[in-house]
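Take a look at the structure below.
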Amino acid sequence: MLDGLRELAQALSIALFGFSTGCAWVAAIVAPNTSYDRLDYSRADGHVRLLLINSSNHIATACLAAAALAFLAGALSAGIVGALATAGFFTNRWTLAPRTKDEKAPPGRRTRDKTKRVVAVSLTLIFTLVTLIATGLAIARV
């Protein structure tokens with residue numbers, strides 16, 4: 001019976017890692033490309049920011065659940081790598097956080113905001129690769 005539970009946890013962790021990878025790919029590549037094709041620059045930029053901020057919590061939650069299931073299945077490496085990816089996706093909340101009202105906008109504000117968005121997309125892509133690695137480790141149950 002315990003072996004059946006481990007196999008179920010392994011299958012669910014693989015599915016959730018795959019789901020996290022797919023969601024991150026859509027949030028970092030597919031949706032921004034469509035936004036910049038269909039909208040003007042400022043609206044597309046705002047859309048991509050909101051998309052990255054809002055989707056990062058959902059992706060991190062799915063990845064955390066997958067990491068917990070990987071630990072339950074006995075795939076310790078997959079669980080550790082998945083937990084690392086969870087923390088990485090959650091950092092988008094801090095990367096794209098708006099400034100407080102007390103802070104003055106520095107000169108060249110647009111450039112700084114664009115840099116934040118580029119960093120958030122880059123981190124999302126890097127941690128998408130980490131989630132893909134966690135999926136492989138969960139498949140191998142390592």
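The values are calculated or read from the model by the stated rules, or taken from the named source; none is laboratory data. Only a predicted model underlies this, so the values are computations on that prediction, with no experimental measurement involved. What goes into the accessible areas is simple: the full protein's heavy atoms, side chains included, and nothing from ligands, DNA or RNA. Shrake-Rupley method; radii C 1.70, N 1.55, O 1.52, S 1.80 Å.
What's the carbon and sulfur percent of the chain's accessible surface, probe 1.4 angstrom, rounded to a whole number?
68 percent
Applying the Karplus parametrisation 6.51 cos²θ - 1.76 cosθ + 1.60 with θ = phi - 60° to the phi angles of segment 129-142, what ³J(HN,Hα) value in whole Hz is obtained for each residue in order, glycine and proline being reported as x?
Taking θ as phi minus 60°, the curve returns 5, 4, 5, 5, 5, 4, 4, x, 5, 5, 4, 7, 6, 9 Hz for segment 129-142.
At 1.4 Å probe size, with every protein chain present, just tell me what the per residue accessible area of the chain comes to in Å². Mind showing how you got there, number by number?
Numbers: 8280 Å² over 142 residues.
With the other protein chains kept in place, the chain gives 58 Å² per residue.
Mind pulling the angle between the C-alpha long axis of helix 76-90 and the longest principal axis of the chain? Nearest 10 degrees, somewhere in 0 to 90.
20 degrees
Which one is right for this structure if Cα Rg over 2.2 N^0.38 Å is calculated from it: (1) 1.06; (2) 1.13; (3) 1.21?
Among (1) 1.06; (2) 1.13; (3) 1.21, the one calculated here is (3).
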